[in-house]
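The values are calculated or read from the model by the stated rules, or taken from the named source; none is laboratory data. Since we're looking at a predicted model, the values are computed, not measured. Neighbour counts are summed over all protein chains in view; Cβ atoms, including those assigned to glycine, are modelled from backbone coordinates with ideal geometry.
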C-alpha cells in the first residue's frame, strides 16, 4: 500500500497516475496477454479480425465497382460466373458480387457491435442494479429476465421485426432486446458475490456514494466475465442478423448484407452457385474469427476452463 | 419441485403480456393488409369488429387470456384457421426435427468429446476443437443451401426440400411424427423415405449441438479424470476402458444432460432458419409466413407456445437431472 502511494505521487500526467493506480490490473493484463499468445488458434483469430477490420473500413476505396453497392443495373452481364473482371461473379442485376461481399463486411461488423453494445449495456445496468440493491428490485428484474430467457430468441426477434416493419435497424433493435437477459443474469451473479468483498465494504465505510461503489469498485471487477461473453456473442450477433436478413425481415435491398445476399442467391442456386457461396464464406470466416478469439479469451480469463 | 412447477404460471402470464405488447405495437395496419387493397372503409371496420380490434387494449388482452384458458389461441387473419389447430398440425414436424437432431448431437458429440479428452492435446483433440469451432461459426442456412446444391441437385442423393415424398401417401397419423408413425404402422419403406427427407435438415440442425456437447463434455471428462476415485480405480489396476466408461463418463455426463434443455431451446430457434431453407412444414416456417403477412394472432400464439414448451422442457431436464445425480435431489 505504501509502495503504491509513493508511486502515485511520483507519477506525472493522467496516464502515469492511471498506471500507478491500476498497477495490479495492468500486471494481470500483461500476464493474460502472455497466456493468450501461447495459443496459436487465438492468434489466428486476432489475425482474421484485423484483416476483417481492414476490409470493412478501407473496402469502399479499393473495391472494383463501388457503384454496385447501391441500385445499379448492368443487364448485359447479369448472373455471370466468376471471371477476371468479376472475381465472385455477378448477381441478377449484373452487379459485382465481390464488391457487395466486401461492402457487407462493414454492415455486419457495425451492426454486430451495436447489438452487443446495446444489449450488453441494458443487461449490465439492469444486472448491476438487481445485484447491488437486492430485495424486491432484484426479484422484479430477475423475474423479467427469466421470462425473456424463456423465449427462444429468434421467434421473439421475428415477432418484433415483423411488428416494427422489416429493416436492418429494426432487426438490430429486436436482437438487442432479445440479447440483454444473458448479460443481466451474468452481471447480477457477479455483483452479488463481489459486493460482499472487503474492499467494497471499505469503500462503503469511507462513505463512498452508491454510484461510485457500483461503477468504480464493482463493475470493473466484472469486466473479464463480460468481455468473455461479449467476444463469444459477437459472432452469434452477426449470424443472427444475417439469419433475419435471410428470412427477409432484416436488411432490405439495395443494402449489401450477407444474409440478404444469400437469400437472393437461393433463387438462382442451380445455375448461379457463386451468388450465395461467396457471401457465406465471408460470413463463416468472420464468425469463426470471433469465436476462436472468444475461445482464447475464455482460456485466459476463466481459470476453470484453462486446462 | 412443486415450487418450480408453480413458477410456470407467472412465466406464462409474463410471456403472454410480452407477446401481446409486441404484436400490438404494429405500426403497419394488419387489417388493411388482410382485407386486400380493394377493401372499403366499411369492410375494414367490419373486419376489425370481427377480430375484436375496435375494443381498448386491456379489454383485448383480457379477451385473449379468456380464450387461452379454453385452449383458444385466436384465429389467423390470413387463412381463417384457428391458430391452435395450425400449431397442432405444424408442431410435430418441428418436434421430430429437433429430437432427431438432438440424438444426432449426442451420438456424434459424445464420442468426439471422449476422443478429445483421452488424446488431449494430440491430433484428435485439435481436430475435434476445430470441427466444433467451425460448426458453431457456420451459418446453417447457408450450409443447408450448399448441401442442397451438392447432394441434392448435382448428385441426386437426397431430396432437397419437404418432409415426405409427395407421390406416396403419409403413414396413418398417430403422433404426427412421420418416423414414429411409419414405425407404428410397421412400414419400413415409408420409414426410409421419411429418414431420407430428414437427413439434411437434421444434420444442419445438429451441428450446434455436436459442437456444444463436444466442448463441454471434453472439459468435464478432463476434470473428472483428476478426481480421487479415478486415481484410486487406476491404482487398483482397473483397465482404462472400464475407468472411462463406468466411472468417468457417468459423472461427466451430468452437466451435458443439464444442458440439453438449453440445446432444445436453441434448436427450436434454429428451426426458423432450417425450415425456411428446407421448406419443412413446421412451426418455424409457420412463424416466418405469419410474420411476413403481419398475421399477428399466429405470431402471438407461436411465441407463447414455443416459450411454454421451452419452459416445460427445462423443468423436465431439471427433474431428470435429480434422478441421474442423487446428490442434487438430497443435497
Pick from region B:5-37, criterion modelled with pLDDT under 75 and away from every other protein chain (no Cβ under 12 Å), ranking: farthest from residue B:67 (Cα to Cα): B:37
Which one of these does residue B:159 not meet: (1) under 25 Å from the mean Cα position of the chain (by Cα); (2) within 13 Å of another protein chain (Cβ to nearest Cβ)? (2)
Restricting to region B:286-297, name every residue that is more than 9 Å from every other protein chain (Cβ to nearest Cβ) and either under 10 Å from the mean Cα position of the chain (by Cα) or closer than 19 Å to residue A:239 by Cβ (or both). none
May I ask you to list the residues in region B:63-75 that are part of a helix (DSSP H, G or I) and without any contact (Cβ under 8 Å) to a residue 12 or more places away in the chain? B:63, B:66, B:67, B:69
All but one of (1) part of a helix (DSSP H, G or I); (2) more than 7 Å from chain B (Cβ to nearest Cβ) hold for residue A:166; which doesn't? (1)
Within region B:65-74, residues surrounded by fewer than 19 Cβ atoms within 10 Å (Cβ to Cβ), modelled with pLDDT under 85 and in contact with a helix residue (DSSP H, G or I) (Cβ under 8 Å, 6 or more places away or on another chain) come out as B:68, B:71, B:72
Quick check: anything in region B:109-124 within 14 Å of residue B:203 (Cα to Cα) and either surrounded by fewer than 19 Cβ atoms within 10 Å (Cβ to Cβ) or touching a residue at least 24 places away in the same chain (Cβ under 8 Å) (or both)? yes
Check whether at least one residue in region A:82-101 is over 19 Å from residue A:254 (Cα atoms) and assigned to a helix (DSSP H, G or I), and report yes or no. no
Could you pull out the residue among A:154, A:110 that is assigned to a helix (DSSP H, G or I) and either surrounded by fewer than 23 Cβ atoms within 10 Å (Cβ to Cβ) or at pLDDT 90 or above (or both)? A:110
Looking across region A:266-276 at residues that are surrounded by 18 or more Cβ atoms within 10 Å (Cβ to Cβ) and more than 8 Å from chain B (Cβ to nearest Cβ), the single one that is farthest from residue B:208 (Cα to Cα) is A:272
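Every residue, every condition in (1) in a helix (DSSP H, G or I); (2) buried (at least 18 other Cβ atoms within 10 Å of the Cβ), yes or no:
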| site | (1), (2) |
| --- | --- |
| B:94 | yes, yes |
| B:107 | yes, no |
| B:131 | yes, no |
| B:158 | no, no |
| B:164 | no, yes |
| B:168 | no, no |
| B:181 | yes, yes |
Output for region A:227-259, where each listed residue is part of a helix (DSSP H, G or I), more than 9 Å from chain B (Cβ to nearest Cβ) and under 16 Å from residue A:165 (Cα atoms): A:241, A:244, A:245
From the list B:209, B:162, which one is within 16 Å of residue B:99 (Cα to Cα) and touching a helix residue (DSSP H, G or I) at 6+ places or on another chain (Cβ under 7 Å)? B:209
Looking at region B:135-156 only, could you name the residues that are in contact (Cβ under 8 Å) with a residue 40 or more places away in the chain and in a loop (DSSP other than H, G, I, E, B)? B:138
Yes or no: residue B:132 in contact (Cβ under 8 Å) with a residue 12 or more places away in the chain, farther than 30 Å from residue B:192 by Cα and within 13 Å of another protein chain (Cβ to nearest Cβ)? no
Is there a residue in region B:304-323 that is more than 14 Å from the chain's Cα centre (by Cα), in contact (Cβ under 8 Å) with a residue 12 or more places away in the chain, in a helix (DSSP H, G or I) and within 30 Å of residue B:36 (Cβ to Cβ)? yes
Determine, yes or no, whether residue B:78 is within 14 Å of another protein chain (Cβ to nearest Cβ), outside any helix (DSSP H, G or I) and surrounded by fewer than 22 Cβ atoms within 10 Å (Cβ to Cβ). yes
Among helices (runs of 4 or more DSSP H) completely within region B:187-285, the ones holding 1 or more residues that are more than 14 Å from chain A (Cβ to nearest Cβ), in contact (Cβ under 8 Å) with a residue 12 or more places away in the chain and under 13 Å from the mean Cα position of the chain (by Cα) are B:188-225, B:249-278
Condition first: facing another protein chain (nearest Cβ under 9 Å) and under 21 Å from the mean Cα position of the chain (by Cα). Now tell me which residues in region B:135-156 satisfy that. B:136, B:137, B:138, B:139, B:140, B:141, B:142, B:143, B:145
Take the conditions surrounded by fewer than 18 Cβ atoms within 10 Å (Cβ to Cβ) and away from every other protein chain (no Cβ under 14 Å) and apply them to residue A:208. Does it pass? yes
